[in-house]
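Single-structure report; data block below.
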2 protein chains.
Amino acid sequence: MGRTSESREKLIGAACELMRGRGYGAIGVAEICERAGVRKGSFYYFFESKQALTVEALRAAWAVEGAAWRAILGTAEDPLRRLERLCRSQAEAQHRSKREAGSVHGCLFGNLALELGNQDEVVRGCLKGIFDEQVDLVHEVLLDAHRAGDLPAERATRAYARAVLAQVEGMVLFAKLDNEPVLLEGLWPQIAGLLRGV
Amino acid sequence: MGRTSESREKLIGAACELMRGRGYGAIGVAEICERAGVRKGSFYYFFESKQALTVEALRAAWAVEGAAWRAILGTAEDPLRRLERLCRSQAEAQHRSKREAGSVHGCLFGNLALELGNQDEVVRGCLKGIFDEQVDLVHEVLLDAHRAGDLPAERATRAYARAVLAQVEGMVLFAKLDNEPVLLEGLWPQIAGLLRGV
C-alpha cells in the first residue's frame, strides 16, 4: 500500500483500537502497523513517533465522542435530564465494550491519563485539553440547570462540573476493575446527590 | 549482595517506588534490580516474574496505606469527620508527591487498575482485593454514621462506599492530569454532598 492519506487514517484507527484495549506502554509501532496493514517505513512517513500518533489518535477519538456528548448535552431538554442521559451513554459504552470485546475497557482518556500522566508532557497536554472541553460541556449544562432554578449558583461551577466527571471516571475505574458494567447503573443518582446535597 | 531476605525487601521497595512514579509497562526488571542494588540473577531467585513482584509490591504498599486508613477511620470520632480526615490525608499525599517528586503521582492502585485492568488477571485480582478492603472500611464508617443518625439507611451501603471512593479516584485523576493537588481541596464537600443529597 502506498503512502496515501488512507494509510494515515488506518494507522490512527488501529492505534485507537489497540490503546482502548491495552493502553500505551503495551502497544508498539510494529503492532499498530500490522493491525493497520501499513508498512513500518510508511509509519515514519506519516508520524514522527508513537507519541505523535497517540496525540492524533486521542484527537480523533474525542472528535467522535465529543460530537456524541454535544448531541446529548446540547438539546433543549431539562438540563439535569441531559446529564442523566450522558451518564446512561457512558454506562452503555462499557456494556458494549464487554459484549463486543469481553471486557470493560474503561475510558481511553482516563486510562492514558493515569498510565502516562506525569511521564509524557505532550500526551498529558492533549488529554488535559480533552478533559477541559468535557468540563466546559458539563459546566454549560450546570449553568442551564441554575437558570432553570434546578441548581444553586454555588453548584453551577467549573469545579462541580469537574466533580461530576470525576464521579464518572471513578465509577468507570471500578467497573473496569470488576469487569462489571452494571456498577454504572448507580452513577446518575450519585451525581444527582453530589449536585443537590447540602 | 547475597540472596538474603533483605534483597527481597529491597526489590519490593524499589518496585513500589518506581511503579508509583511510572506505572507498570514503563518499568523493567533490570531497572528494578538496579534501583534495589540487587543482581538480576537474584531477582529470579525471589520472584518468578515482574508480575509476581508487582503483586507483592502492591500488597506491601497497601499494608502501609491500609494501616493509615484504619488509624483514621477506626477512631471514636464523629463518623463523617473520620471520612473528612481520610479525604484530607489523600489530598496531603498528593501535595507531598508534588513537593518531593515534582509531580502528582496519583494513586498507585488506581493507576495500575486503569493501566492493566483487563490485561493481567493476577494483578487485577490483587487490586480488586485491595479496593474491596477499602470499600469495606468506608462502608463500616457509613454504617456508624447511620447509627449516629447522620446518614439515611439507603446511603449507608456498600454501593455508596464505592461511590465515595470513586469520587476520590476521579478527583485524584484530575489532580494528576493537571499536576495540581489543590484540586483535591473540594473533595470532602463533594463527597458530603454525594452522601447527603436527595
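Structure notes:
- Reciprocal of mean inverse Cα separation for segment A:129-198 (Kirkwood radius, Å): 12.7 Å
- Rounded to whole Hz, the Karplus (6.51, -1.76, 1.60) HN-Hα couplings of segment B:188-194, x for glycine and proline: 5, x, 5, 5, 4, x, 4
- Overall size of segment A:1-47 from C-alpha positions, given as principal axis extents largest first: 28, 15, 15 Å.
- At least 50 Å² accessible surface lost relative to isolated chain, residues of segment B:80-120 (1.4 Å probe): B:Leu114, B:Glu115, B:Asn118, B:Gln119
- The share of C-alpha pairs in chain B whose separation exceeds 20 Å stands at 59 percent.
- Inter-copy separations for A:Ser89, label at 7 Å along Cα-Cβ, nm, ascending: 3.9
- At 7 Å out from Cα toward Cβ: B:Ala148 inter-copy label distances (nm, ascending): 3.6
- For the protein assembly as shown, with all protein chains in place and a probe radius of 1.4 Å, 52% of the accessible heavy-atom surface sits on carbon or sulfur.
- Label positions at B:Ser103 and B:Ala148, each projected 7 Å from the Cα along the C-beta direction, are separated by 3.9 nm.
- Compared with its chain on its own, segment A:172-198 contains the following residues whose accessible area drops by 40 Å² or more in the full protein assembly (probe 1.4 Å; ligands, DNA and RNA excluded): A:Leu173, A:Phe174, A:Lys176, A:Leu177, A:Asp178, A:Gln190, A:Leu194, A:Val198.
- Relative contact order, percent, segment A:52-196 [alpha-carbon distance under 8 Å, six or more residues apart]: 29 percent
- Think of a 1.4 Å ball rolled over the protein heavy atoms: the protein assembly as shown then has 41 Å² of accessible area per residue.
- Starting from the label point of A:Glu31 at 7 Å along Cα→Cβ, the same points in the other copies fall at 1.7 nm, in ascending order.
- Chain B, helix-only ellipticity at 222 nm - DSSP H runs n ≥ 4, -39,500 (n - 2.57), divided by all residues, nearest 500: -24500 deg cm²/dmol
- With DNA, RNA and ligands ignored, accessible area of A:Cys33 (1.4 Å probe; Å², nearest 10): 10 Å²
- What the phi angles of segment B:90-96 give under the Karplus curve with 6.51, -1.76 and 1.60, with θ = phi - 60°, is a coupling list of 5, 5, 4, 4, 6, 4, 4 Hz, glycine and proline written as x.
- Segment A:Glu6-A:Ala60, extension gain: residue separation times 0.36 nm, minus the distance between their alpha carbons: 18.0 nm
- Largest GNM mean-square fluctuation among A:Ala57, A:Ala145, A:Ala101, using chain A with Cα springs under 10 Å: A:Ala101.
- Here's the picture: charge each Lys and Arg Cβ at +1 and each Asp and Glu Cβ at -1 in the protein assembly as shown, and of A:Ala67, A:Leu194, B:Leu108 the one pushed furthest to the positive end of that dipole is B:Leu108.
- Hits among lysines - C-alpha to C-alpha of B:Lys128 under 21 Å, sequence gap 8 or more where chains match: A:Lys98, A:Lys176, B:Lys50
- Built from the Cα atoms of segment B:57-154, the convex hull projects on average onto 7.3 nm², one quarter of its surface area.
- Shown here are the Rg and Dmax of the Cα trace of segment B:1-114, at 16.3, 52 Å.
- Restricting segment B:37-108 to trypsin sites (Lys or Arg not before Pro) that sit in a DSSP loop and have at most 10 other Cβ atoms within 10 Å of their own Cβ leaves nothing.
- Descending semi-axes in Å of the protein assembly as shown, equivalent ellipsoid built from Cα gyration tensor: 34, 30, 17
- Buried accessible surface for the A/B pair, both sides summed and rounded to the nearest 100, is 3800 Å² with a 1.4 Å probe.
The values are calculated or read from the model by the stated rules, or taken from the named source; none is laboratory data. Here the structure is a predicted model, which is why all the values come from computation and not from measurement. Heads up, the Cβs are rebuilt from the backbone with ideal geometry, glycines too, and the neighbour counts pull from every protein chain shown. Remember, those area values only see protein heavy atoms, side chains included, never the ligands or the DNA or RNA. Shrake-Rupley method; radii C 1.70, N 1.55, O 1.52, S 1.80 Å.
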